[in-house]
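The values are calculated or read from the model by the stated rules, or taken from the named source; none is laboratory data. Note that the coordinates shown come from a computational prediction; the quantities given were computed from them, not determined experimentally. Note: ideal-geometry Cβ built from the backbone for every residue, glycine included; neighbour counts use all protein chains shown.
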Amino acid sequence: MTGSRAPTDDAGSQVSHEDDAPPPPPRPSPFARLKHWHATLSLANRLGLYALVLTAIGVLAPVAAAVWTATTGPEVGLLVDQDNNGCTSVWTVPDRSAELVDDIIANKDNRQLARWERDGRITHRGSVKAQVGVHSAEAPIEVRDLTITVLSRTDPVTGEQSRAQGCGGEPDDGDEPDFVVVDLDTLPIGTDVPIGYLQGSDQQAQARAEADLLGEQITLPRTVGAQDFYSFTLVGRSAGHDTEWRATVTWWDGEQVHTDVLDNDGAPFRVTGPLPIRED
């Protein structure tokens, strides 16, 4: 923290502002407003925006291209967007946050739900989803592997189940992404479990069946062409524990192998059992 000096009048003597009202809070900077707007975009809209940015960069200036490269890396852009949508999420609301139940039922703004989830006031119940988008730059890349790591496992969060009501049907995008569904309760803590094991383990048979119902199971390795997109959805499930977990994606740029962590904006994904109660 830097020091500050009391203001002075034209004669050089200090001026007291003890009776003055406190100054209004500063307006958010243009960058802060842009960051807030960016956070409200869906994964599909973010990918579309980045495609436009990449196209404009190629036309406008090499300097702009250098800025993009420094921000996202020269070979790939990676987006991870945890699904906190009120219409697709079921929550456990602990007693200390009981006043939030009605807001969730009323389909509160998704950004508010994300803040409550980040602050631990509500927790995804039964499953948590994250959309992952991969965008290659000037050269094709190969997505080689995906691993799941359970970071912690404790007793499930106790509280009331709540979900939004009156959402209506979900839109049909016509092109469902690939899915990875994982039953986290069967995995060892602190071990990177590769997708190859998950797709062959008897303990993950129900998870694979769920992926088939949602869309198609992911198939790796997978080549992403130059300036092309590939997306898939991660689903972590827990029936009996409060579980924190993350994923890691491994990809190859033609010369080197890279790994990137997939998580909730720097924090682990989190889901608690029990499974949601059916509400007929």
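Quick rundown of the values:
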quantity: Conditions (1) at pLDDT below 95; (2) farther than 20 Å from Trp245 by Cβ; (3) not polar (S, T, N, Q); number of the one not met by Leu214; calculated: (2)
quantity: Top-ranked residue of the range 109-128 - restricted to ones that are surrounded by 14 or more Cβ atoms within 10 Å (Cβ to Cβ) and free of Cβ contacts under 8 Å to residues at least 24 places away in the same chain, ranked as nearest to Glu244 (Cα to Cα); calculated: Trp116
quantity: Sole exception among (1) within 21 Å of the chain's Cα centre (by Cα); (2) at pLDDT 55 or above for Gly73, by number; calculated: (2)
quantity: Scan of the range 112-128 for residues that are in a strand (DSSP E or B) and within 15 Å of the chain's Cα centre (by Cα), ordered by number; calculated: Thr123, His124, Ser127, Val128
quantity: Single residue of Val224, Val257, Val182 found to be assigned by TED's automatic domain parsing to the domain that holds Leu151, over 21 Å from Asp81 (Cα atoms), of a type outside the set (Asp, Glu) and touching a residue at least 40 places away in the same chain (Cβ under 8 Å); calculated: Val257
quantity: Conditions (1) crowded, with 19+ Cβ neighbours inside 10 Å; (2) without any contact (Cβ under 8 Å) to a residue 40 or more places away in the chain; number of the one not met by Gly236; calculated: (2)
